[in-house]
Amino acid sequence: MNDILPGEVETWQFLEQSAREIFEIYGFSEIRTPVPEKTELFCRSIGETTDIVEKEMYTFADKSQNSMTLRPEGTAPVMRALIQNRLYNQDSVTKLYYLGPMFRYERPQKGRYRQFHQLGAEVLGVEDPKIDTQVLAMLHHYFRSIGIDSVSLQINSLGCPQCRPAYREILVAYLESRLAALCPECQRRYLVNPLRVLDCKVPGCREATTDAPAMIEHLCADCETHFSQVQKHLVALEIPFEVNSRMVRGLDYYVRTTFELVTDQLGSQNAVAAGGRYDGLVEGLGGPALPGIGFAIGLERLVLLKGSEKIAPRVPVVFIAALGDAAVDPAFVLMSQLQAAGVRAEMDYQSKSLKAQLRRANKLNARYSLVLGDEEIASGQAQLKNMADGTQTPVSLAGLVDLLVEKNS
């Protein structure tokens with residue numbers, strides 16, 4: 001786990017605020033769910049044979065011996081909140097987004113921590129493939145708005161409960177013929193979760209399954225039409241994509257459209273955003289039969305992609321340097337008046353020398369400095385110094401707040 005420090009957090013704030021602005025254009029509202037949830041929620045939604053449930057969850061018993069888990073992902077808690085609060089009764093289409101910390105006990109690696117942060121969005125109530133494309137268009141819009149163009153969109157279809165069982169039998173038979181070449185983990189899980197074998201990163205498994213049958217070659221007519229329509233709409237919106245028939249998701253609830261935004265800038269951990277359809281999830285958790293689609297973005301990886309493009313921290317508009325003990329209290333009052341008016345202002349609290357105070361004004365990159373001493377207090381006039389070019393302008397102390405509010409707008 002890691003701290004996010006001043007100088008770094010500004011980038012996080014930019015990414016989060018940009019998401020709020022873009023997502024709300026598309027009609028999404030923010031939802032905030034608790035960090036701990038009942039363990040059963042994740043076992044039922046994610047799947048008991050997934051790596052997350054088997055190996056990675058932070059699970060504990062509370063004082064009433066209820067099994068609780070720190071959320072490892074955001075979709076299941078949002079679905080729980082949707083059902084519990086009957087949000088689907090407010091409109092036939094529900095659009096929600098979230099951001100916050102998630103927890104998985106896994107080997108730390110580039111862009112991945114045991115406490116990590118996700119930004120995600122969910123749409124409930126629409127089966128039409130146009131909503132799949134709109135979600136992808138929103139992601140495309142977001143990445144353009146934050147200045148990241150080193151990602152590419154990959155899509156696939158995982159079929160549905162009607163066509164996947166037959167494909168599963170074909171895949172299991174294929175894997176059995178290559179069982180000796182698979183890693184011990186894939187040998188263990190190929191019967192209970194064969195799709196995950198296709199996602200294994202072990203080189204031997206990838207080589208052994210190079211010519212594995214693809215789900216998109218075994219789609220039923222409805223799934224094939226749905227996937228074709230998603231591609232047609234992406235072309236119409238001029239959003240570039242490629243079909244990756246090996247792409248699977250690590251969570252059991254995904255059906256039909258799945259997607260990832262990948263980059264070649266982060267080594268093997270190349271997925272920055274991922275998601276897909278989960279049409280049976282709400283019903284499986286005890287709610288109505290609502291189709292759904294969503295995604296999550298890993299904020300740590302997004303920050304890595306921003307790299308040296310750090311967002312400059314906000315700097316003081318003015319630094320007030322008090323000259324002499326008698327000026328400290330008036331300087332404090334003036335600073336507080338400026339702050340109350342929305343102007344970032346700073347001063348020194350330790351009665352340091354004027355030279356030391358102005359040195360701090362420089363260190364803070366203040367736009368202006370103002371020296372306040374007995375003479376300035378008596379006359380009601382002071383010199384406002386532009387720290388960039390050194391020019392000084394006489395100002396009235398009574399009108400300083402209005403002047404700096406105007407300069408700050």
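Mind listing just one residue for me: the one in the range 72-112 that is of a type in the set (S, T, N, Q) and closer than 20 Å to GLN134 by Cα and, of those, farthest from the chain's Cα centre (by Cα)?
Of everything passing the filter in the range 72-112, SER92 is farthest from the chain's Cα centre (by Cα).
For first residues located in the range 13-26 and surrounded by 14 or more Cβ atoms within 10 Å (Cβ to Cβ), partners that are small (Gly, Ala, Ser) and lie 6+ apart or on another chain with Cβ distances below 8 Å form the pairs SER18/SER145; ILE22/SER145; PHE23/ALA121. When the range 220-261 is filtered for residues that are among the hydrophobic types (A, V, I, L, M, F, W, C), buried (at least 21 other Cβ atoms within 10 Å of the Cβ), in contact with a strand residue (DSSP E or B) (Cβ under 6 Å, 6 or more places away or on another chain) and not in a helix (DSSP H, G or I), the ones remaining, listed by number, are MET247, VAL255, PHE259, LEU261.
Checking each residue of the range 144-155 against the condition of being in the same structural domain as THR258 (by TED's automatic domain parsing), part of a loop (DSSP other than H, G, I, E, B) and modelled with pLDDT of 95 or more gives no match. Testing ALA274 on (1) assigned to a strand (DSSP E or B); (2) not assigned by TED's automatic domain parsing to the domain that holds ASP91, one condition comes back false. Which one is that? Unmet for ALA274, out of (1) assigned to a strand (DSSP E or B); (2) not assigned by TED's automatic domain parsing to the domain that holds ASP91: (2). Residues that are assigned to a loop (DSSP other than H, G, I, E, B) and polar (S, T, N, Q) within the range 384-407 comprise just one, THR391. If the condition is being surrounded by fewer than 18 Cβ atoms within 10 Å (Cβ to Cβ), part of a helix (DSSP H, G or I) and either of a type in the set (D, E, K, R) or in contact (Cβ under 8 Å) with a residue 12 or more places away in the chain (or both), then the range 191-215 contributes GLY204, ARG206, GLU207. Scan the range 345-353 and tell me whether some residue there is outside any helix (DSSP H, G or I), of a type in the set (S, T, N, Q) and buried (at least 18 other Cβ atoms within 10 Å of the Cβ). No, because not a single residue in the range 345-353 is outside any helix (DSSP H, G or I), of a type in the set (S, T, N, Q) and buried (at least 18 other Cβ atoms within 10 Å of the Cβ).
Once the range 124-154 is narrowed to residues that are among the hydrophobic types (A, V, I, L, M, F, W, C) and over 20 Å from the mean Cα position of the chain (by Cα), the residue that is surrounded by the most Cβ atoms within 10 Å (Cβ to Cβ) is ILE131.
The values are calculated or read from the model by the stated rules, or taken from the named source; none is laboratory data. In this text, all values refer to a predicted model and were calculated from it rather than measured experimentally. For neighbour counting, all protein chains shown are included, and Cβ atoms are generated from backbone atoms with ideal geometry for every residue, glycine included.
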